[in-house]
Amino acid sequence: MKNFEAIIDFGTKNLRLGVFDLASKNIYSSNQKIIDNVEKSLNTLIKDAEKYLSEHIDNIIVLYDSPKFYSLDISIKKVFDYDTPIKKVYDSLIEEANFIVSQNNFKDQIIHLVVNNILVNDKKKVDKIIEDIKIKTLILEIKFLCLSKIIVDEISNTFKNNNLKIADLYCSTYVKTINYKKRLDNKDCIIFLDTGFERASSLIFNMNKLDFFKSIPLGGNNITKDISHVLKLDIEYSEDLKIKFNKLESELSFNKNDTNETNLYTEILEKNISIELLKQIIEARVDEIIELLVFETNYMNNLNVKIKPKLVIFGSGSSLLSYNSNVSAKNMVSEIIIVDENDSNVCRSGLDYYNSDESFLNKTKKKAKKLGFFETFFNLFSK
C-alpha cells in the first residue's frame, strides 16, 4: 500500500516535486530545470526522489498551466412536482451540467467544475447541502475551467513515457489560489495574479465567488526578450539581468565570486546600459500584462464594490510585477500582497485540493450520465 502522495507542478521552464506522507507532512521536495527534453528532465527529477525515498513513484497528481485554459459559465435549473430533498438531486444536476458542457465542447476536457451559487425555490441562496432541506426548484450557477484534450493527451503521454500514471490533473493557478485565499477575508473582492514563464493568469473572487478567470500568452520570457531586443544583449544575459533587477534599490547587486555574474557586470559596463532604460523596459511589459489581465476587462469596469479589491501576486514573475508596476498609483487596489512560493508550498496546494470536497465533487464529471436529446435541450435553456 502506498504511504505517500506525490505532486508535480509541470511548468514550461521548471518542474517542482513535492512528496507528502499520509499525515500531509512534506517528506521530500525538489525542482528540476527543463533542459532540451522535458521527458528526460522529468525522469531525472523522479529518479532522484525515488532514490531519496527508497520508494517507487508510479502515481502522481499534476498541476499545469497554459494560456489555453478558458472558463465557461452555465446556469442549470430543475423543477420538481413535489418537495424533494436537495441532497437527493444535487449530484444528478451537477452531472447533467457536466454532460451539457462536455457535449457542446467535445474537443476540450473539463478540468475544474466550480459551483458558484446554489439557489432553491424562490431563488433563495443556500451555502451548504443539508439533508433536511426540501425543494421544488433547484438552480446551480457553475463555472467550468477547460483545456484542450490534445494538450491533456500530450501531458498524459509525457508522464506515461516515464511509467507514471496521472491520478488527477489540475490548473495550477486555480489550486494555488484556493490555498492562498484561505489566509484572506473571503468577503473581500480579491484579484489573484499568477505569472509564469510564458503565460500569466488572473482569477477574481468576489464574496467568495469565482467571478472571473483569464489566461494570456505573456509572461517573464516576454520581458527577457524585450530586454534582449532593446539593449542588444544575449538572451541568457537578459534573463540574468531581469532576475537580478530590483527597482526598490534602483541598482543591480552582483556576487563577484560568481563567474556568470561577473561576466554580466562586465557586459553592462561595456555596453553602457542605462538602469533607467532597463526599468522602463520591464515596467512597460509588466503594466501591459496587468492591464490585459485585470484592468481592461469588462468585469473590472463594471465592478461595484464599497471596498477596493486586494491584489495578490504570485508565480515566478511576482517580484517583477509587484516592484515594477504602476498599479498602486492607479488607485485601483487597496493592498498588494506578494506570496513567496517554494517547491513545498506550491505542491501542498495541489495536495490540499486533491483532499478537498471540491476535488471530490469534480470527480463526478468522470461519471456523467447520458441524457436524451430533449432533456439536454430543456436543461440547456431552462434558466
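FYI, it's all coordinate maths here, none of it is from the lab. In this text, all values refer to a predicted model and were calculated from it rather than measured experimentally. Cβ: placed from backbone, ideal geometry, glycine included. Neighbour counts: every protein chain shown.
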Discussion item. Take the residue pairs 107/214; 232/308; 182/308; 77/107; 33/160 and return only those whose Cα atoms are more than 29 Å apart.
Written reply: 232/308
Item to complete: Using Cα centres only, tell me the gap between the range 171-207 and the range 107-141 in whole Å.
Response: 22
Worksheet item: How about the range 147-229: which trypsin sites (Lys or Arg not before Pro) there are in a DSSP loop, with at most 13 other Cβ atoms within 10 Å of their Cβ?
Response: 182, 183, 187
Worksheet item: Nearest 0.05, what FRET efficiency do residue 334 and residue 124 give at R0 = 35 Å with Cβ-Cβ as r?
Response: 0.65
Item to complete: Starting from the range 89-176, pick out the chymotrypsin sites (Phe, Trp or Tyr not before Pro) whose DSSP state is loop and whose Cβ has at most 10 other Cβ atoms within 10 Å.
Response: 106
Worksheet entry | Of the GluC sites (Glu not before Pro) in the range 43-137, those whose Cβ has at most 16 other Cβ within 10 Å and which sit in DSSP loop | 55, 131
Worksheet entry | Hz values of 3J(HN,Hα) by residue in the range 15-28 - Karplus curve (6.51, -1.76, 1.60), Gly and Pro given as x | 10, 10, 10, x, 10, 10, 7, 5, 8, 6, 8, 6, 9, 6
Worksheet item: Can you sort 29, 334, 102, 202 so the residue with the fewest Cβ neighbours within 10 Å comes first?
Response: 334, 102, 29, 202
